[in-house]
1. I'd like to check something: does the range 85-100 contain any residue that is buried (at least 24 other Cβ atoms within 10 Å of the Cβ), touching a Lys or Arg at 6+ places or on another chain (Cβ under 6 Å) and not hydroxyl-bearing (Ser, Thr, Tyr)?
2. Report, by residue number, each residue of the range 7-23 that is in contact with a helix residue (DSSP H, G or I) (Cβ under 9 Å, 6 or more places away or on another chain), within 16 Å of ligand 2 (Cβ to nearest atom) and closer than 21 Å to Ala188 by Cα.
3. Could you list, in sequence order, all residues of the range 175-197 that are surrounded by 22 or more Cβ atoms within 10 Å (Cβ to Cβ) and within 16 Å of ligand 1 (Cβ to nearest atom)?
4. I'd like the residue in the range 101-134 that is part of a loop (DSSP other than H, G, I, E, B) and β-branched (Val, Ile, Thr) and, out of all such residues, is farthest from ligand 1 (Cβ to nearest atom).
5. Please state which of the following conditions Thr110 fails to meet, knowing it meets all the rest: (1) surrounded by fewer than 24 Cβ atoms within 10 Å (Cβ to Cβ); (2) within 16 Å of ligand 2 (Cβ to nearest atom); (3) among the polar types (S, T, N, Q).
6. Go through Ile60, Ile3, Ile36 for me and flag whichever is over 18 Å from the mean Cα position of the chain (by Cα), away from ligand 2 (no atom under 15 Å from the Cβ) and not basic (Lys, Arg).
Amino acid sequence: MKIVVDTHTHTVSSGHAYSTVQENAKEAYTNGIHMINISDHGSAMKGAPFLYYFGNLEVIPDSLYGVRIIHGVELNIMDYNGTVDLPERYLKKLGLVLASFHDICIEPSTVENHTNGAVEILKNPYIDILAHPGNPQFQIDIEKVVKTAKEYNKLIELNNHSFVVRKGSERNCFEIARMCKKYGVRVATGSDAHISFNIGRFDNVMKILEEVEMPEELVVTTSVERMESYLSERKKRIE
Ligand SMILES: [Zn+2]
Ligand SMILES: [Zn+2]
């Protein structure tokens, strides 16, 4: 199995990442990645871009150095009722929308609340991917969340960066992958790169996929066609 799409990357616009769109695209090309989602943080995070940034993403070409560019975002989940930090009129225009819990935007709570929040996020037609759901700081009821993703045809992220920055994620990530396999839920793979050199680095994600013997057809990032097919599914859903 080879991953050729990176659905989670950051640029300087995030405020705490260090490479440009061009540098990311070049590095993607070098690392054998055919498609990247630019998913800078939503506006509620300090240092993250203001709304206009998301409204102007269309100035970025759809392809750079032979790498397809998706114009996306990593939203901040702001409460446990499904509130996020970009209005719908912006989300409508984006190509791929991630949402995640960050403790600088939302206070960690109970497993019940985290699960509720994640479920509400997956019900939102404009949101495609629950990002780094393995974070033990925001422990979820994994089976319930994965079943919700199945019901709403959404994607669950396997995040390569989690093993490093979100301590204790490893066990959760394996369990999430196992549940996705069990229920036939598709997964996306994100490097969560905050500098170009990490674009397309999936060593930890590959370990998980191999360990659980994930069927390739459940990993939407293993071919551009698979990813394209999900992207048109999104378009139809929000029409
Ligand atoms: Zn970040
Ligand atoms: Zn994140």
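Quick note: the coordinates plus some simple rules give every number you see, no bench work behind them. Model, not experiment: these values are computed from the prediction. When we count neighbours, we look across all protein chains shown, and the Cβ atoms used for this are built from the backbone with ideal geometry, even at glycine.
1. No, because not a single residue in the range 85-100 is buried (at least 24 other Cβ atoms within 10 Å of the Cβ), touching a Lys or Arg at 6+ places or on another chain (Cβ under 6 Å) and not hydroxyl-bearing (Ser, Thr, Tyr).
2. Those that are in contact with a helix residue (DSSP H, G or I) (Cβ under 9 Å, 6 or more places away or on another chain), within 16 Å of ligand 2 (Cβ to nearest atom) and closer than 21 Å to Ala188 by Cα: Thr7, Thr9, His10, Thr11.
3. Listed by number, the residues that qualify are Gly190, Ser191, Asp192, Ala193, Ser196.
4. Among them, the one singled out is Thr110.
5. The failed condition is (2).
6. Just a single option satisfies the conditions, and that option is Ile60.
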